[in-house]
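Here is the structure we will look at.
The values are calculated or read from the model by the stated rules, or taken from the named source; none is laboratory data. Here the structure is a predicted model, which is why all the values come from computation and not from measurement. We place every Cβ from the backbone using ideal geometry, glycine too, and count neighbours over all the protein chains shown. Side chains included, ligands, DNA and RNA excluded: accessible areas come from the protein's heavy atoms. Shrake-Rupley method; radii C 1.70, N 1.55, O 1.52, S 1.80 Å.
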Amino acid sequence: MGALVLASLVLVTLSFGQDDGGKLGTAQESAASILRPFQVATDRVAEPFRDAYGWADSVLTARSEAERLREENTALRQQLVQEQLAARENVRLRALLDYRSGGTFPADYVGVAAAVISRPTGAYAQSIVVAVGRKDGVLVNDPVVTEDGLVGRVTRVGDRSARVMLLTDDQSAVSAVDVGTDASGIIRRGQGPRSALRLDRVPKEQLVREGDTVVTAGWRSPRLSSLFPRGIPIGEVSSVGRTDTDAYTQVLVEPFADFGSLDAVLVLVKEGRG
């Protein structure tokens, strides 16, 4: 094969001075005919390697493009989540501010808006931590609300944070009244899965109806007053039951506030607190 290639080069060199019909041209054509099978065979041998190289290059390019698109998709998804969270927080804060400036907001109180920075992590951990504290004018026993209703009260205060006991805690107790009938009792944690709260200690002679709204009683005396101002919504009566053996009417209350999705709250601080 090497000899034939060398002969072909010699013939090509010599052919520059000959016409196409001469003996040298005939010999050149014969040499080319002899080498053509080798050229075809060489192309067939090289073709799989060229195809393999092209396939590997396309695979690497596709993988690089897929990785870039995956990174862009992750970044866009994170941006979308942040925008959705910000939009939800803006809606919640706007609702709190509307409630604070509305006519149903408790008189003689200032509402300190606070983000919830810790939520309940277990069935018995019925408290939250909010991002306001002593330096914001917050003290122990200050009521905590949302635009929907009462949430609980402050039980521990730091400089810039405070712990809030929810109404669903076993230790929580709030004097309350049925708006429709003036039946009074104490809001406590419910005893079963049917309702989160119950209106306890309601005498049997007092009328309570399903669908009635329950609010804080907010009693006052010359020396003492309730921890909670009067008229803060708590929930709606979902069930009323009476038995001959019970000393009080059994009243279940469905709370207005959603304790499982608290993002922002208002801490009620008395005006003029120095």
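Any residue that is within 19 Å of GLY111 (Cβ to Cβ) and part of a strand (DSSP E or B) - is there at least one of those in the stretch 199-208? Lay out the reasoning, then the answer.
The initial filter retains those residues of the stretch 199-208 that are within 19 Å of GLY111 (Cβ to Cβ), namely none.
Within the stretch 199-208, not a single residue is within 19 Å of GLY111 (Cβ to Cβ) and part of a strand (DSSP E or B).
The rows are residues; the columns are (1) touching a strand residue (DSSP E or B) at 6+ places or on another chain (Cβ under 7 Å); (2) more than 24 Å from ASP98 (Cβ to Cβ).
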| residue | (1), (2) |
| --- | --- |
| ARG134 | yes, yes |
| VAL138 | yes, no |
| ARG160 | no, yes |
| ARG163 | yes, yes |
| LEU167 | yes, no |
| ASP170 | yes, yes |
| ASP182 | no, yes |
| GLU205 | no, yes |
Item to check | Answer residue from the stretch 241-251, given it is touching a Ser or Thr at 6+ places or on another chain (Cβ under 8 Å) and over 14 Å from THR213 (Cβ atoms) and is least open to solvent (accessible area, probe 1.4 Å) among those | outcome: GLY241
Next on the checklist: Exactly one of these conditions fails for THR243: (1) part of a loop (DSSP other than H, G, I, E, B); (2) touching a residue at least 24 places away in the same chain (Cβ under 8 Å); (3) β-branched (Val, Ile, Thr). Give me its number.
Outcome noted: (2)
Checklist entry - Which condition number does THR155 fail, the rest of (1) without any contact (Cβ under 8 Å) to a residue 24 or more places away in the chain; (2) of a type outside the set (D, E, K, R); (3) more than 13 Å from LEU252 (Cα to Cα) being met? => result (1)
Checklist entry - Yes or no: VAL267 at pLDDT 95 or above, within 27 Å of SER118 (Cα to Cα), among the β-branched types (Val, Ile, Thr) and open to solvent by 10 Å² or more (accessible area, probe 1.4 Å)? => result no
